[in-house]
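Values in this text are rule-based calculations from the coordinates and carry no lab data. Values in this document were obtained by computation on a predicted structure and should not be read as measured data. We place every Cβ from the backbone using ideal geometry, glycine too, and count neighbours over all the protein chains shown.
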């Protein structure tokens, strides 16, 4: 049964564009609705090797759902992007890049018809390929008001953008970070040159009191 409170991004193209095609090179605001996700939680510093293993495992676990979505949608099917959340007990560690204290999570949004049981069934089909990895979970995530920034290019300048977000944009607009910062990777990096890679930086916010 589909949750009627969920927005079907395959039908609501305006919301889809707002979430995954914001203006490039500038901070903008977006209201992120409640969405279903397949999630894998990571432990320790977010090293590339650990992240790659988690991303591969997540894609493997949801393969059956992706296959069904492709059958349902045909040529309209678009692979949902990987999102990686980062947070720290002291958010200043996030802004300055003190990765040893970070926590992280890999997630991919699911179709509205792919509920917790459907995710469990999909992972069960892929159990031989998943190996000894932390169990993935299904969750409804509602981030609400967020500030985001579409970056096009190599990743070495991301730290500067993040610093500008916390040190300049949020204080100037009387906003506080509320919830985990995350990055949304719109491209397959094995197929896209560094200068063309698209990454959305997103931070849930609340009004400063």
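Descriptive notes on the structure:
- Relative contact order of the stretch 13-207, pairs being alpha-carbon contacts under 8 Å that are 6 or more residues apart, as %: 31
- Seen against the Cα atoms of the chain and their longest principal axis, helix 48-61 is set at about 40 degrees.
- Crossing angle, helix 63-73 versus the chain [Cα axis fit, 0-90 degrees, rounded to tens]: 90
- All Cα-Cα distances of the chain, cut into 5 Å bins from zero to the largest, leave 1, 7, 14, 19, 20, 18, 12, 7, 2, 0, 0 percent in each bin in turn.
- Computed from the Cβ-Cβ distance with R0 of 25 Å, the FRET efficiency linking residue 31 to residue 163 stands at 0.50.
- Axis angle, to the nearest 10 degrees, between helix 116-125 and the longest C-alpha principal axis of the chain: 70 degrees.
- Calculated [θ] (222 nm, deg cm²/dmol) that DSSP helices of n ≥ 4 give over the chain, each run adding -39,500 (n - 2.57): -8000 deg cm²/dmol
- Placing pseudo-labels 7 Å out from each Cα toward the beta carbon at residue 186 and residue 10 gives an inter-label distance of 2.2 nm.
- Distance in nm between pseudo-label sites at residue 195 and residue 53 (7 Å out along the Cβ direction from Cα): 3.6
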